[in-house]
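Report on one structure; see the data block that follows.
The values are calculated or read from the model by the stated rules, or taken from the named source; none is laboratory data. Model, not experiment: these values are computed from the prediction. FYI the Cβ positions are ideal-geometry reconstructions off the backbone, even for glycines, and counts take in every protein chain you see. Heavy atoms of the whole protein, side chains included, go into the accessibility calculation; ligands, DNA and RNA do not. Shrake-Rupley method; radii C 1.70, N 1.55, O 1.52, S 1.80 Å.
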Protein chains: 2
Amino acid sequence: MALYVQKFGGTSVGSLERIEAVADRIARASRSGDKIVVVLSAMAGETNRLLNLAHSVAAEPDPRELDMLVSTGEQISISLMAMALHKRGISAQAILGDQAQILTNDHHGKARIQHVATDNLNNLLGLGIIPIVAGFQGRSESGQLTTLGRGGSDTTAVAIAAALKADECQIYTDVDGVYTTDPRVEPKARKMDFITFEEMMELSSLGAKVLQIRSVEYAGRYNVPLRVLSSFGDGEGTLIMYDQNSDKVPLVSGIAFNRDEASLTLVGVPDEANVAAQILTPISDSGIDVDMIVHTTTVAGCADFTFTVHRNDFSQAKALLSPVAKKLGAQHVKSDNGLCKVSVVGVGMKNHSGVASRMFQTLGQEGISVQLISTSEIKISVAIEEKYLELAVRSLHSAFDLAEKT
Amino acid sequence: MALYVQKFGGTSVGSLERIEAVADRIARASRSGDKIVVVLSAMAGETNRLLNLAHSVAAEPDPRELDMLVSTGEQISISLMAMALHKRGISAQAILGDQAQILTNDHHGKARIQHVATDNLNNLLGLGIIPIVAGFQGRSESGQLTTLGRGGSDTTAVAIAAALKADECQIYTDVDGVYTTDPRVEPKARKMDFITFEEMMELSSLGAKVLQIRSVEYAGRYNVPLRVLSSFGDGEGTLIMYDQNSDKVPLVSGIAFNRDEASLTLVGVPDEANVAAQILTPISDSGIDVDMIVHTTTVAGCADFTFTVHRNDFSQAKALLSPVAKKLGAQHVKSDNGLCKVSVVGVGMKNHSGVASRMFQTLGQEGISVQLISTSEIKISVAIEEKYLELAVRSLHSAFDLAEKT
């Protein structure tokens with residue numbers, strides 16, 4: 001008899017019909033004899049409806065009150081799911097974050113889980129009752145209702161799975177697993193049966209938005225096997241866990257990409273240690289995320305400094321740069337807001353330097369020039385002109401032999 | 001400096017515009033230097049929306065899960081109100097039932113408040129923060145979220161006022177006070193400045209649906225002065241408290257009425273002690289409320305037994321009676337589903353027998369025949385044909401001199 005934590009996202013419980021379908025699935029799993037804990041998101045659209053209400057009242061609603069408002073979304077979906085299970089003769093109880101003893105810090109709107117006590121959940125499981133837990137919410141030590149930020153229901157599920165030492169944390173979503181790349185770009189993309197936590201971290205942060213990165217990090221830290229699967233189909237999905245036999249891992253597991261990138265370059269700034277900080281501080285102080293950063297010494301004592309931001313932040317970042325450029329005596333600011341980022345990811349590349357050369361060779365053969373490069377242990381990213389995105393993804397997918405074997 | 005508990009009902013917070021208007025009112029009260037605790041209902045319509053959701057999922061939703069579902073309505077209104085007050089520079093915090101330490105028994109859907117601890121609320125008041133408390137909800141000792149039943153927000157307000165020893169519990173509603181009768185029936189109806197708890201209990205149970213009867217009972221028991229006033233206007237409303245100088249009280253304070261009554265009479269049943277129980281047990285076992293009950297001995301050992309029910313329950317009650325009638329050897333069952341009930345209410349009538357005679361004289365002069373009579377210490381009710389309702393109310397209103405003095 002196994003213990004599974006099953007998390008269903010907003011689209012999976014987006015209507016009463018879908019709630020009924022998910023109830024069927026939970027009832028089947030329960031009747032098979034396994035123990036189940038369910039974690040739910042709000043019905044799709046509900047959180048946005050509540051946020052709109054808040055913003056109609058106040059331009060910048062207090063985060064404490066916003067937490068209290070938006071957490072009602074999950075409270076509604078868990079109550080309805082418990083009712084749908086009762087109708088099927090299944091014992092179930094809707095459980096709020098604090099009833100599930102999810103203790104967080106007090107950073108409203110982006111609280112972190114500090115501890116999950118298991119008394120209440122184990123008690124219910126012992127009585128044969130399925131706990132239907134509200135995702136995304138917890139309570140702080142001072143008794144305040146908190147939320148974990150968007151997508152936080154995944155984190156709730158993983159934290160509960162870790163605390164209960166569940167056999168698997170199953171994230172039901174509207175895709176049937178993690179793919180080698182986006183099938184809308186490369187129809188030959190293949191669903192992976194298995195992927196490591198490290199690879200999933202790189203893939204999810206790079207735009208394969210199947211799982212919240214924080215929940216993957218959490219699952220990795222507590223070694224909770226994580227499975228992504230479809231709430232509509234019957235496949236096995238993709239299992240995310242630590243690499244069990246590193247001999248057989250492929251060099252490259254997947255190709256990720258981000259559209260809508262923009263780059264900014266300060267040409268001819270002093271080649272000094274504190275220049276990067278002077279350039280980036282005003283950018284990050286304005287809440288703009290910086291992605292790739294490249295620094296190149298051109299002539300002695302002189303350097304070019306380049307970084308990328310999301311295209312939406314491009315104008316603001318450019319405006320923020322101009323006083324800095326003047327102060328640093330830069331020759332000029334070069335900019336390009338027509339870029340994208342393509343990354344190859346794989347734990348196998350740790351021990352193999354050939355990946356980078358094959359990547360550049362492939363792109364070169366297609367006449368795609370690389371504007372920027374950044375690398376990590378298991379990832380190589382390049383910024384290229386956005387018009388080449390699909391071509392780059394498809395040619396890399398093929399070069400690293402990722403398609404379904406026929 | 002006074003301490004007021006101010007409760008705003010569903011229509012008072014029924015839209016974002018109304019929430020803003022109520023926030024203005026609370027801000028004014030707060031700036032005047034008084035300490036305020038606010039209790040809110042759900043936005044009008046929201047509770048019904050949630051109930052409809054529940055009933056789409058299950059014909060008879062579990063009361064525990066239903067409590068968790070419908071309590072989100074108040075959670076939404078308190079969060080929005082706190083935001084609206086922040087916008088006005090007022091310190092306020094939305095407070096859930098359990099955060100306000102409202103301990104109830106575990107009768108889901110109709111829980112009773114057992115205790116209100118004041119630590120959290122007093123702490124907030126001490127910090128100059130207005131607590132915006134979710135009405136209608138509490139927590140049981142075992143940590144379950146409970147609701148007090150419809151209209152329970154009034155009870156929440158009174159319970160908090162009692163626990164905090166507030167100077168007044170102010171119930172803001174869409175009427176500007178308690179009237180001598182329904183102004184839609186008698187345009188000369190007069191708003192009362194003052195009424196006793198006992199009178200209000202009789203008036204609210206009889207259909208002047210301004211306040212929940214349970215909250216009036218609670219206020220009376222803990223001697224909390226209760227004021228009903230309009231959330232839209234600026235009047236003083238009606239103050240409900242114990243009679244301070246009983247010399248000046250009027251004989252009759254108001255005329256209440258209920259439409260849609262029906263009567264059922266078993267003619268010729270044995271005049272024995274256990275007959276009433278045999279007749280009424282199947283009725284009450286089916287959840288049908290019985291109102292007036294009259295038992296008349298006709299000839300020796302023989303009696304007629306009459307009771308009234310709401311017209312909606314008439315057919316079911318009649319069907320339930322026929323086996324009982326057969327068993328008791330009744331001659332036949334007489335029924336009338338075209339009745340209404342009119343009551344005169346007033347603490348002054350305790351010491352004055354003339355009220356009944358003036359009432360019957362008045363009705364007789366108008367040619368209205370009385371079908372049934374029931375009396376309590378401060379109330380006389382009659383069942384009459386419904387077509388005479390308006391005439392009866394207006395003539396009694398005039399006979400007891402209740403109209404505004406000009």
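Neighbouring Cβ atoms from other chains, within 10 Å of the Cβ of residues in A:365-376, number 0 on average.
Given an 8 Å cut-off on Cα distances and at least 6 residues of separation, report the relative contact order of chain A as a percent.
Values: 878 pairs, mean separation 55.2, N = 406.
Across chain A, relative contact order equals 14 percent.
Across peptide A:96-103, how many C-beta atoms of other chains are within 10 Å of each residue C-beta, on average? Spell out each step's value before the answer.
Details: counts 6, 0, 5, 5, 0, 1, 0, 0.
The mean count of partner-chain Cβ atoms within 10 Å per residue comes to 2.
Compute the accessible area per residue over segment B:3-174, keeping the other protein chains in place, probe 1.4 Å, unit Å². Present the calculation step by step, with values, prior to reporting the outcome.
Values: 5750 Å² over 172 residues.
About 33 Å² of surface per residue is accessible.
Other chains' Cβ within 10 Å of B:48-59 residues: what's the mean? Write down the numbers at each step before the final one.
Numbers: counts 0, 0, 4, 0, 0, 7, 4, 1, 7, 13, 7, 2.
That works out to 4 on average.
Within straight-line reach of A:LYS188, meaning a Cα separation under 23 Å, sit the following lysines at least 8 residues removed in sequence or on another chain: A:LYS209, A:LYS248, A:LYS341, A:LYS379, A:LYS387, A:LYS405. Rounded to the nearest 0.05, the FRET efficiency derived from the C-beta distance between B:LYS165 and B:PHE360 at R0 = 56 Å is 0.80. Heavy-atom accessible area buried between chains A and B is around 3100 Å² (1.4 Å probe, both sides summed).
Inter-copy label distances at B:SER32, using a point 7 Å along Cα-to-Cβ, come to 6.5 nm with the shortest given first. Each other copy holds its own label point for A:GLY354; taking that point as 7 Å from Cα along Cα to Cβ, the gaps run 11.5 nm, nearest first. Solvent exposure of segment A:254-399, expressed per residue, is 46 Å² of accessible area, with all protein chains present and a 1.4 angstrom probe. Chain B's nearest residue to the axis relating it to A, judged by Cβ and reported with the distance in whole Å, is B:THR72, 2. Once Lys and Arg get +1 and Asp and Glu get -1 on their Cβ, which of A:ILE380, A:VAL249, A:LEU339 lies farthest toward the positive end of the dipole of chain A? Positive-most Cα among the choices belongs to A:VAL249.
Please sort A:349-357, B:111-119 by packing, taking for each peptide the average over its residues of neighbouring beta carbons within 10 angstrom, highest first.
Details: A:349-357: 13.3, B:111-119: 16.3.
Listed from highest to lowest mean packing, they are B:111-119, A:349-357.
Applying 1/(1 + (r/R0)^6) with r as the Cβ-Cβ distance of A:ASN312 and A:ALA277 and R0 = 30 angstrom yields a FRET efficiency of 0.80. In this assembly of identical copies, the label point of B:ASP260 (Cα plus 7 Å along Cα-to-Cβ) is separated from its counterparts by 5.3 nm, sorted shortest first.
With the full set of protein chains in place, find how many percent of the accessible area of chain B is carbon and sulfur; take the probe as 1.4 Å.
Details: 8120 of 17130 Å².
Percent of accessible area from carbon and sulfur atoms in chain B: 47.
Cross-link reach is defined here as a Cα-Cα straight distance under 13 Å, omitting same-chain residues fewer than 8 places apart; for B:LYS334 the aspartates and glutamates meeting it are B:ASP304.
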